[in-house]
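Below is one structure, written out as structure tokens, with a few remarks after it.
The values are calculated or read from the model by the stated rules, or taken from the named source; none is laboratory data. Quick caveat, the model's predicted, so the values are computed rather than measured. Please note: Cβ atoms are built from the backbone with ideal geometry, for glycine as well, and neighbour counts cover all protein chains shown. Quick note on the areas: whole protein, heavy atoms, side chains included, nothing else; ligands and nucleic acids left out. Shrake-Rupley method; radii C 1.70, N 1.55, O 1.52, S 1.80 Å.
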Amino acid sequence: MKAMIFAAGRGERMRPLTDTCPKPLLKVRGRPLIVWHVLNLVRAGITDIVINHSHLGHLIEETLGDGSAYGARIAYSPESTPLETAGGIAQARHLLGEEPFLAISGDIYCPYFDFKQVLDVLADKDVLGTPYPADQRDIAWTYLVPNPDFHPQGDFGLTLFAINNTDDTKWTFANIGVYRPEMFDGITPGSHARLGDLLRSYADQGRVGGEVYPGEWTNVGTPQQLNVLNALNGITPRASAT
């Protein structure tokens, strides 16, 4: 399996820090956010990694290089302007191949997420070995987290490992998911598109699986959140996906 790390955002709420440093290179507990992901992916055996970038993207390439220092093989998908999440995937399709791939935001901190668990979440056959029809099998698998105080409405409902848009009780999307490439067939490379819109559409078709991740997870959105992470020893407040 290949992985894509989203690293093209401008990080407006992180200014002035992001005026001179791309958000994924900001350090948490002595290590850039994106390096936490790279190391944890390699530990799980996921060594082919695609990173999109835009704002100060050359600094990401200079820092990570070809990935060999981390035991990875890194390819880059530069964007002249950020194309959003689904647009970034469509732009990088030629690098991701034709098998399901993992995608994760470069500005979240989840140091204990075990990426081995993503390797077989999208099944092609049922328990008896019968292939699922291509138009009925899950097209994506998502990870959700408990809602933070300032995002109490959440993003998706979850029933029997299937996400939905209708449940009264919702969870927050963790910005971690596994996707089949055909999910992005309708997006022209170079165009802007958001992953959330696609997930909602396929969730209405009953084709998006999911589960709750209970471990440490923070979307590092502001300098204050970054300071809290760097000040605490193992106790991290949650932050909403934005």
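What residue, among those in the range 130-153 that are open to solvent by less than 40 Å² (accessible area, probe 1.4 Å) and over 14 Å from GLU211 (Cα atoms), is modelled with the highest pLDDT?
The extreme case among them is ILE139.
If you go through the range 158-167 one residue at a time, do you hit one that is within 25 Å of VAL50 (Cα to Cα) and at pLDDT 95 or above?
No, the range 158-167 contains no residue that is within 25 Å of VAL50 (Cα to Cα) and at pLDDT 95 or above.
Looking only at the range 166-189, decide whether some residue is touching a residue at least 60 places away in the same chain (Cβ under 8 Å) and open to solvent by 50 Å² or more (accessible area, probe 1.4 Å).
Within the range 166-189, one or more residues are touching a residue at least 60 places away in the same chain (Cβ under 8 Å) and open to solvent by 50 Å² or more (accessible area, probe 1.4 Å).
Checking the conditions here, which among ASP66, ASP107, ASP124 is of a type in the set (Asp, Glu) and closer than 12 Å to ILE5 by Cβ?
Values: ASP66 fails: closer than 12 Å to ILE5 by Cβ; ASP124 fails: closer than 12 Å to ILE5 by Cβ.
Only one candidate passes the filter, namely ASP107.
How many residues, within the range 109-124, are open to solvent by less than 30 Å² (accessible area, probe 1.4 Å) and closer than 21 Å to ARG137 by Cα?
Within the range 109-124, residues that are open to solvent by less than 30 Å² (accessible area, probe 1.4 Å) and closer than 21 Å to ARG137 by Cα number 3.
Please go through the range 43-60 and pick out each residue that is within 17 Å of ASP19 (Cα to Cα) and either charged (D, E, K, R) or under 16 Å from the mean Cα position of the chain (by Cα) (or both).
HIS53, the sole residue that qualifies.
For the range 1-97, please list each of the strands (runs of 3 or more DSSP E) lying entirely inside it that holds at least 2 residues being acidic (Asp, Glu), touching a residue at least 24 places away in the same chain (Cβ under 8 Å) and under 19 Å from LYS116 (Cα atoms).
Where strands (runs of 3 or more DSSP E) fall fully within the range 1-97, none carries at least 2 residues being acidic (Asp, Glu), touching a residue at least 24 places away in the same chain (Cβ under 8 Å) and under 19 Å from LYS116 (Cα atoms).
Can you say whether ARG73 is at pLDDT 95 or above, open to solvent by 10 Å² or more (accessible area, probe 1.4 Å) and within 18 Å of ALA193 (Cα to Cα), as far as the supplied structure shows?
No: the conditions fail for ARG73.
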